[in-house]
Structure formats: structure tokens, C-alpha cells
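A.B. asks: Structure below; questions to follow.
The values are calculated or read from the model by the stated rules, or taken from the named source; none is laboratory data. All values reported here derive from a predicted model rather than from experimental measurement. All Cβ positions, glycine included, derive from the backbone under ideal geometry; neighbour counts span all protein chains shown.
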């Protein structure tokens, strides 16, 4: 155990003290703070100023109508009659024609995009109302214009989902996918991908460097190779968790320091029953995925005998994590429960990416998610067992190439 | 307290690397492994350390199998040198020392002593990659002996060093042996074995050619060497009884005789000719023994 700690603390400290670790952490923390202040940064570059008043040059009836619609959309803008002066944060709306309606909007400064949209929407509504009046449509006829089509869904589905269908149509269900859960999913998958790519290559480098620099022979003459390998993998996981921890602290600080209420209310971020499940499973899959990929990378790193071959040796890790990442990301806005997602969620190397996607969906049973966890645990045990049985022989061999090594080791 | 190798063999993919080695390394001795490239020295060492599993035979240390319970008593300097290039000397030694079960405090104290002894105290806070090859080798030797091992295995400890550093390392190795450590080292330089070891084992293509106490090997071997230096023509000595070989290097004539009893008649013959600067009977060199046993010069 002492020897485990020696390798563990040596690896951990040397990685955490490394400049690359500090710089990459610092950059991300900076990005988090920049992201938290994004609206302010946009404000600096955005010369447009919020409008407070729109002055209208038209008859009384039109103005009342416009004011009513405008106030419903944007309460910050006052609609008043034109008094001939356009000051700061004011715009002048003139009616140029009535059949069809045409307007001129004049202001001394740029108008922010969202206010512009509101004004356009208000004018569009005005136009529609006026048209309905001009056509002499009855209220019922006008109502019919606004009625959306009625669609009944009669789509075959699995027995368990059939009952749910009565309560809500699939379309509504999809729409109800909680925004907060989706964001948790995005963060998990992106962080997992970033960390796997980064730390898989780091542990591969560590193992390969010890092998190519030959120091491994001294090490394995003091400590069993399996202990050494496990200590290295655990240390790397702790390094990555340390980095994650720093990011989390930065996010918490950013939330404390800066006001997020606007952003949160804009997106309607609210937790629901599935949020807790999402968070728990995301963390579990994140950690298990990390362990699995790091074990495999350590094994692959021990195969090579020249540092130049490292990237090639780690290619499988890059490929599989990339595919898993894409499957997860590309299916989040589609039908998150399609066949590809279902099948790939049981493939160990994709499970950590795809299972969190399935966890968003309330219909995915706990058992499915637990099967995913079990698949990962079994794969990790297999990967570590394989790494442990091969590592001792592969670190002392000078032949390179995965297959050559496997062949040689099988023979011995 | 001995290391014993019994019928030790190792083959890789049907190729025999080590073939039936039998050795007994007594406690406190200095044991030399001689052999050219591919003779099986490193393979034998790796088997002793448990890094490779023997194909046949067994190894015992103090009557027990060597495993990770006893590695704290063993120091090993591999033939292929290497340390963590990015670490500082201090960090590297601390790490490798901790792997041998030492505390940081003891390591620091010992490291200072050793750096002082090797004349490189200024390297303590330098990165390994910044050191010269000779200095890296010193650091690695320190790493392999800092925990006061009882058994030290040094694979080619003197290769690639300049003569000054070879002397420093040789002195250190002798001191360690005097302090009680059993030392096994391999080399392809005959003179190092002759100078340092009491016992040796010569390996050739995986086979054990000779092994045992050097003095006994030499006296059992019997053959002696006579060196004659003078201005007279002594070509007739070639036909004297007991003379195996004769060669001339400028004015120096080297005779090989079957045993020492033939030396006196030769001496009697040449003194008849007059004055000779030199007449000397030498022990055979290990190289001679090697050549006569294997049939070729191994280097």
C-alpha cells in the first residue's frame, strides 16, 4: 500500500504541478468568467441603446391599437403621441400608407435586436387585425383563421409507451424535455469528451515515457507492475477530478458574483423529477467512463517503444470517444430514443456518452440505466485485468505494435 | 545468506537465451558476470529479480523464492539506463526511494551524502534531462543503492563512462561490498572483473562457460604465461617441451606454457645466451581462459 501511495502521490503531484495543467485550468476558468459576463461584454461592443419611448405620428385610433399590442409584448417601451422632438432612446413611427400598411421607423441610434423584433411583431399583428376588419370577417371567421390544424397521432409504439400516449402527444412530450436536464447532459458529455481526450493522452504519455526512458525497469523491480499501473490510473483520475473541482468552484463563484437571473428566466431553467436522476447518473457515467478510457489508454501506452508511435497507439481511444460523443450530441434534439441510441448505449465504449442522453427521457427505466452502469463496471474490470496481465510483459518488451505484443504475450 | 541459481533456463519463442545456469553467490561476495552482447546476462538478472519467469530451474535467496516481499533488500541498476527526464534529481530519488519503503527524511539525508561522495552536490535541484550522461548514471546508481540493499545487482555499471567516473563508481562499489552488501555485476571488460571480483561466471550464448572463485579458476586452469625481453634470438624456445604458443610483440616475447614446471628449463636455456632485461611468469588472464574454453575471442 505504501508503494501504491508512492507512485500515486508522485504522479498526482507532478501532474498537478505541471505548467500544462495550470495553464489549461486557468484558461478554462477564465473562459467561465468571461462566459458569465458575456452579456456585459456584448454590451461593450454593442452601440445600440434600449428604446424607452416610441412616438407615433398617426391618428388616435391607430395609436391606441398599437399601444395595446406593444405594451403586451414589451412593457419597457412607452408609446406616446409625437410632439415633434426625438431625444435619446426615442424613436419616431410614421404611417406612410394604409392599403397595405407601411411604416417608417426613425431613430438617432441603433435599436437592439430584441426590441426591433417586438416592434415588428406588433406591427405585423396590427396589419393582421386591420386586414380582418377590412375584409369584414365575422369574429368566428377571424377565429378560424387562427386555428391550428388538428392532428391525431396514431403511431404504433411499444406496449409500455402506449398508455402514456393518451395523456400527451409525442410532440408535446418532446417539447417538454426539460431545458435544465438538457444543459446538464451537454455539460456532462462535453466535459467527459474533453477530459477523456486530454487525460487519455496524458496517461498514455506517462506510461509510454516510463517505458521508453527505461525507468520502468527500476520501478517494476521495486513494486508489482499491477500496483504501479493502478496507482498511476487512480492518480490520473484524481488529477482530472481536481481539475473538474476547480471548474465547479469557478462556476459557483461566478454564480455568486454575477447575476444570472436574466439568463435563467430567459431559458426557463427549472428542475423537474428527472433532474436529480440526471445529475446522479451523469456523475456516475462521467467517472466510470473516465476510468474505462484511462485504463485502456494506459494499456495502449505500454505497447509502444518509441514516443513517436504514441498518437497512433491511442487512435482507438480517440476514435471511440469521438463516435460516442457524436452519437450523443447529434441525437439530443431528435428522437432521443431511436434504435442507434438504444443499441450504442449498451456498447461499453459508447455507454458513458449515450446513457446520460437516455437518462433525460423519463421513459427510460432505472433498470436500463443500471444495466449501463453494470456494463461499464464489468468492462473496467476486464480492461484492468487485461492491462494488468499484459503490462508486466509489455513494459519490458521492445517490440512495438499492439498485435505483435499481444501475440508475443499470448505465447509466453 | 546466499543467492542460488539452479538449472536456470529461459527461452523466448523457442530461442534459448539462458541455458542451464548453476550458480552460488555467497553472502558478502563480489560476483562478476562476464559475457559479450547477447550472452544472457541481462536475462539472468531479470529472472533473479522476478521480472521474467524462468522457463525452467529455480532461484532462491536465503532459501526463499524472490518476490516483492524482499525487493526492499535488493538494489538494481538496469543495463538500459533511464530516469524520468522531467523530474528533478531530488524528486526522482525520493520517488524511487519511497518505492523501496524509505521515508522522505532518510532519503534526503542519504541523497546529500551520496551526491557529495560522487562530487555532484550541485545537481540536486536540476532536472534529469539537463544532466550529462555520466551524471545521470551516477544518479541512477544512487537510486539503486540508496536504500542500503543487501543484494545489489548492477548491469554494466561502468559502460559509457569516462575513466575518472569509472574510478569513482568502482570505489563506491568496493565500499558497498566492504560494508557487507553482496554485489553482482555484469561487464564485458575483463579487467574490471579481475580487479573487483572474487568470483565470476562467464557466459557465452546463454551457456555457463566457467564459474567460481577467480584464483581457483586460474590455478585449476594451469597454463601460465612467460614474458621475456632481451636482445637475443630465442626462436628455438618454440620447440621446447610444454610450450603451447609463442608470439612476439616488438622486443617482448610472450610464451604460453602448459604449467609452471616448464618455466625453469626455459629460464635455464635463455640465461646461457646472456643478459635479459625481463623474465616473468604470469597468471593466465581471464581472456586466455575464455579463449581456451570457448575457442574464440569473445569481444
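A.B. asks: For the stretch B:98-109, name all the residues that are closer than 16 Å to residue B:141 by Cα and within 8 Å of chain A (Cβ to nearest Cβ).
C.D. replies: The answer is B:98, B:99, B:100.
A.B. asks: Return the residue satisfying two criteria in turn: it lies in the stretch B:57-97 and is surrounded by fewer than 16 Cβ atoms within 10 Å (Cβ to Cβ) and within 21 Å of residue A:10 (Cα to Cα), and of such residues it is nearest to the other protein chains (Cβ to nearest Cβ).
C.D. replies: The residue in question is B:68.
A.B. asks: Can you tell me which residue is nearest to the other protein chains (Cβ to nearest Cβ) among those in the stretch B:30-56 that are at negative phi and surrounded by fewer than 19 Cβ atoms within 10 Å (Cβ to Cβ)?
C.D. replies: Checked the stretch B:30-56; the qualifying residue nearest to the other protein chains (Cβ to nearest Cβ) is B:53.
A.B. asks: How many of the residues in the stretch B:122-164 are touching a helix residue (DSSP H, G or I) at 6+ places or on another chain (Cβ under 7 Å), part of a helix (DSSP H, G or I) and over 30 Å from residue B:26 (Cα atoms)?
C.D. replies: Total meeting the criteria: 5.
A.B. asks: While we're looking at this one, here's another question. Quick one: which residue in A:369, A:406 is in the same structural domain as residue A:342 (by TED's automatic domain parsing), part of a helix (DSSP H, G or I) and modelled with pLDDT of 85 or more?
C.D. replies: Among A:369, A:406, only A:369 is in the same structural domain as residue A:342 (by TED's automatic domain parsing), part of a helix (DSSP H, G or I) and modelled with pLDDT of 85 or more.
A.B. asks: Out of (1) at pLDDT 85 or above; (2) part of a helix (DSSP H, G or I), the odd one out for residue A:349 is which?
C.D. replies: Only one criterion in (1) at pLDDT 85 or above; (2) part of a helix (DSSP H, G or I) is unmet by residue A:349, namely (2).
A.B. asks: I'd like to verify a number: residues in the stretch B:114-133 that are out of contact with any strand residue (DSSP E or B) (no Cβ under 9 Å at 6 or more places or on another chain) and surrounded by fewer than 13 Cβ atoms within 10 Å (Cβ to Cβ), how many?
C.D. replies: 6
A.B. asks: Now, a different point. Inspect all residues belonging to the stretch A:57-64 and state whether any of them is crowded, with 16+ Cβ neighbours inside 10 Å and in the same structural domain as residue A:250 (by TED's automatic domain parsing).
C.D. replies: No; the residues of the stretch A:57-64 include none that is crowded, with 16+ Cβ neighbours inside 10 Å and in the same structural domain as residue A:250 (by TED's automatic domain parsing).
A.B. asks: Return a yes/no flag: does the stretch A:345-360 have any residue that is farther than 17 Å from residue A:286 by Cα and assigned by TED's automatic domain parsing to the domain that holds residue A:298.
C.D. replies: Checking the stretch A:345-360: not a single residue is farther than 17 Å from residue A:286 by Cα and assigned by TED's automatic domain parsing to the domain that holds residue A:298.
A.B. asks: Quick check: anything in the stretch B:26-40 assigned by TED's automatic domain parsing to the domain that holds residue B:205, more than 23 Å from residue B:192 (Cα to Cα) and more than 14 Å from the chain's Cα centre (by Cα)?
C.D. replies: no
A.B. asks: Then there is this: Tally up the residues in the stretch B:66-86 that are assigned to a loop (DSSP other than H, G, I, E, B) and touching a strand residue (DSSP E or B) at 6+ places or on another chain (Cβ under 7 Å), please.
C.D. replies: Residues that pass the stated criteria total 5.
A.B. asks: Residue check: is residue A:356 under 30 Å from residue A:37 (Cα atoms), modelled with pLDDT of 85 or more, within 20 Å of the chain's Cα centre (by Cα) and crowded, with 23+ Cβ neighbours inside 10 Å?
C.D. replies: The answer is yes for residue A:356.
A.B. asks: So how many residues does the stretch B:178-198 have that are more than 21 Å from residue B:42 (Cβ to Cβ), touching a residue at least 40 places away in the same chain (Cβ under 8 Å) and in contact with a helix residue (DSSP H, G or I) (Cβ under 8 Å, 6 or more places away or on another chain)?
C.D. replies: Count: 2.
A.B. asks: Okay, next question. When you go through (1) closer than 30 Å to residue A:243 by Cα; (2) outside the structural domain of residue A:243 (by TED's automatic domain parsing) one by one for residue A:26, which number turns out not to apply?
C.D. replies: Of (1) closer than 30 Å to residue A:243 by Cα; (2) outside the structural domain of residue A:243 (by TED's automatic domain parsing), only one is false for residue A:26: (2).
A.B. asks: Something else now. Would you pick out the residues in the stretch A:81-104 that are in contact (Cβ under 8 Å) with a residue 24 or more places away in the chain, surrounded by 13 or more Cβ atoms within 10 Å (Cβ to Cβ) and in a strand (DSSP E or B)?
C.D. replies: A:90, A:91, A:92, A:93, A:94, A:95, A:101
A.B. asks: Could I ask something else about it? Among the strands (runs of 3 or more DSSP E) lying completely within the stretch B:165-237, list those that include at least 2 residues that are closer than 30 Å to residue B:275 by Cα and outside the structural domain of residue B:132 (by TED's automatic domain parsing).
C.D. replies: B:224-229
A.B. asks: Where residues in the stretch A:210-224 are at the interface with another protein chain (Cβ under 7 Å from one of its Cβ atoms) and modelled with pLDDT under 85, which of them is nearest to the chain's Cα centre (by Cα)?
C.D. replies: Top of the filtered list is A:213.
A.B. asks: While we're on this one: For the stretch B:54-65, how many residues meet the condition of being in a loop (DSSP other than H, G, I, E, B) and either in contact with a strand residue (DSSP E or B) (Cβ under 7 Å, 6 or more places away or on another chain) or without any contact (Cβ under 8 Å) to a residue 40 or more places away in the chain (or both)?
C.D. replies: Matching residues across the stretch B:54-65 total 4.
A.B. asks: Right, something else. Quick one: residue B:155 ticks every box in (1) under 28 Å from residue B:116 (Cα atoms); (2) not assigned by TED's automatic domain parsing to the domain that holds residue B:33 bar one, so which box is it?
C.D. replies: Against the list (1) under 28 Å from residue B:116 (Cα atoms); (2) not assigned by TED's automatic domain parsing to the domain that holds residue B:33, residue B:155 comes up short only on (2).
A.B. asks: Taking interchain pairs and intrachain pairs at least six residues apart, which have beta carbon atoms under 9 angstrom, with the first residue in the stretch B:116-134 and assigned by TED's automatic domain parsing to the domain that holds residue B:95 and without any contact (Cβ under 8 Å) to a residue 12 or more places away in the chain and the second buried (at least 18 other Cβ atoms within 10 Å of the Cβ) and part of a helix (DSSP H, G or I)?
C.D. replies: Pairs found: B:121/B:115; B:122/B:115; B:130/B:123.
A.B. asks: Every residue in the stretch B:10-29 that is within 14 Å of chain A (Cβ to nearest Cβ) and within 25 Å of residue B:294 (Cα to Cα), please.
C.D. replies: Matches in the stretch B:10-29: B:10, B:11, B:12, B:14, B:15, B:17.
A.B. asks: With (1) more than 25 Å from the chain's Cα centre (by Cα); (2) within 14 Å of chain B (Cβ to nearest Cβ) as the list, and residue A:45 as the residue in question, which single condition is left unmet?
C.D. replies: (2)
A.B. asks: I've got another one for you. Can you tell me which of B:135, B:204, B:125 is modelled with pLDDT of 90 or more and more than 14 Å from every other protein chain (Cβ to nearest Cβ)?
C.D. replies: It is B:125.
A.B. asks: Does residue B:255 meet the test of being in the same structural domain as residue B:158 (by TED's automatic domain parsing), in contact with a helix residue (DSSP H, G or I) (Cβ under 7 Å, 6 or more places away or on another chain) and either assigned to a loop (DSSP other than H, G, I, E, B) or crowded, with 18+ Cβ neighbours inside 10 Å (or both)?
C.D. replies: Taking the combined requirement at face value, the residue does not satisfy it.
A.B. asks: Identify all residues within the stretch A:107-127 that are surrounded by 14 or more Cβ atoms within 10 Å (Cβ to Cβ) and in a helix (DSSP H, G or I); write none if there are none.
C.D. replies: A:115, A:116, A:118, A:119, A:121, A:122, A:123, A:125, A:126, A:127
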